[in-house]
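This report refers to the structure that appears directly beneath it.
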Amino acid sequence: MSDPTLLVLSSLANGDKHGYAMMEDIAEFSGVRLGPGTLYGAITRLEHQKWIRPVPSDDRRQPYRITAEGRAHLKELLKQLDQVVKAGQRRLKHA
Amino acid sequence: MMSRWMKLLVRMYPVSWRGRYEAEFAALLEEVQPSWRGSFDILKGAVAMQLRTIRLGKSFVLLGVLGFFAALIPSYFIKDEYASSAVIKIQSLRASGNQVPPTAVEDQMKMWLDKTLSSQSLGRLIEKFKLYPEKQGKESREEIVARMREAIEVRPTGKDEAMLQFRYYDRFLAKLVAEELTDDLVDRSHDATAANRSFDLGILNPVQPANFPIYPTR
């Protein structure tokens with residue numbers, strides 16, 4: 001749940017955001033406060049993999065947008081996570 | 001505006017990374033105003049990014065430099081320790097001047113030392129010189145006495161000679177306490193009853209103040 005890739009992609013899934021907006025959004029929906037170094041480490045990796053891209057801005061703050069490949073990857077991550085959640089719940093029920 | 005500390009941290013990222021992300025990262029840091037934990041996160045990010053972008057050889061150099069600083073920082077939180085010592089002479093009191101058997105010296109010295117290093121005796125010195133103030137209230141009296149006892153060393157240094165040493169983080173207190181301990185031990189040998197005295201103790205080299213710490217060495 002604290003995987004920065006999953007958190008950043010989930011944050012961008014409902015619209016473009018710059019770094020600070022992502023940090024606040026992630027803290028709100030997951031309770032995880034990413035540090036600036038961790039956030040930009042994730043942004044660097046995600047941009048390199050073409051799962052997010054920068055969008056033009058007049059501000060010094062750079063907004064990012066999730067790409068189609070990024071959405072596909074996020075769906076895959078969420079599917080895996082869903083399987084883990086369901087398996088855990090099933091096992092708890094039968095324990 | 002970013003603080004100098006933040007600028008320094010950002011400069012630890014690879015040049016190629018800074019060329020692409022520095023402006024927006026700086027904008028984020030101005031908004032976030034990172035705490036110490038945030039600063040550590042930035043440093044961690046810089047190391048991770050350096051490892052991603054530089055060659056293996058440079059990675060080892062970078063890790064070496066970081067390891068050096070990681071080791072250096074705690075050493076500045078460790079207090080210097082000074083050792084003050086005196087040399088005690090074991091003097092035979094036998095009329096013939098015959099040498100006292102080593103086992104007799106050892107047994108007698110042990111008895112005197114037990115008294116000099118007793119909880120009561122050391123407790124008195126701790127109170128008199130207000131030793132280990134940072135431990136008062138945090139450790140029991142016995143624990144502080146045990147700590148002091150560990151800082152005292154008595155060992156033979158030659159024929160009929162022994163050294164008494166006290167280590168402490170204040171060099172003047174180290175000297176004063178070493179003097180008190182030496183005097184106490186010597187006085188006990190003089191106070192001993194005639195039946196127990198085949199030798200007594202004298203001070204060969206009085207306690208000198210330690211000019212340099214013995215620990216840590218930096």
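The values are calculated or read from the model by the stated rules, or taken from the named source; none is laboratory data. The structure presented is a predicted model; accordingly, all values stated were derived computationally and were not measured. We place every Cβ from the backbone using ideal geometry, glycine too, and count neighbours over all the protein chains shown.
From the list A:Ala68, A:Ala72, pick out the single residue that is more than 30 Å from B:Arg11 (Cα to Cα), away from every other protein chain (no Cβ under 13 Å) and either exposed (fewer than 10 other Cβ atoms within 10 Å of the Cβ) or of a type in the set (Asp, Glu) (or both).
Working: A:Ala72 fails: either exposed (fewer than 10 other Cβ atoms within 10 Å of the Cβ) or of a type in the set (Asp, Glu) (or both).
Testing whether each residue is more than 30 Å from B:Arg11 (Cα to Cα), away from every other protein chain (no Cβ under 13 Å) and either exposed (fewer than 10 other Cβ atoms within 10 Å of the Cβ) or of a type in the set (Asp, Glu) (or both) leaves just A:Ala68.
Table: residues versus (1) in contact with a Lys or Arg (Cβ under 9 Å, 6 or more places away or on another chain); (2) part of a helix (DSSP H, G or I); (3) more than 10 Å from chain A (Cβ to nearest Cβ).
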residue: B:Lys7; (1), (2), (3): no, yes, yes
residue: B:Ser16; (1), (2), (3): no, yes, yes
residue: B:Glu31; (1), (2), (3): yes, yes, no
residue: B:Asp41; (1), (2), (3): no, yes, no
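In the set A:Ala21, A:Ala13, which member is at pLDDT 95 or above, aliphatic (A, V, I, L, M) and more than 18 Å from B:Glu31 (Cβ to Cβ)? Step through it out loud before you land on a result.
Numbers: A:Ala21 fails: more than 18 Å from B:Glu31 (Cβ to Cβ).
Selected residue: A:Ala13, the only one of A:Ala21, A:Ala13 that is at pLDDT 95 or above, aliphatic (A, V, I, L, M) and more than 18 Å from B:Glu31 (Cβ to Cβ).
Yes or no: B:Gly67 at pLDDT 75 or above and more than 14 Å from every other protein chain (Cβ to nearest Cβ)? Please lay out each step first, then the result.
Details: at pLDDT 75 or above: yes; more than 14 Å from every other protein chain (Cβ to nearest Cβ): yes.
Yes, satisfied.
Does B:Gln99 satisfy the criteria of being modelled with pLDDT under 85 and over 26 Å from B:Ala210 (Cα atoms)? Can you show your working first?
Working: modelled with pLDDT under 85: yes; over 26 Å from B:Ala210 (Cα atoms): yes.
Taking the combined requirement at face value, the residue satisfies it.
Residues being exposed (fewer than 15 other Cβ atoms within 10 Å of the Cβ), of a type in the set (A, V, I, L, M, F, W, C) and assigned to a helix (DSSP H, G or I): count how many of those fall in region A:10-35.
Number of matching residues: 2.
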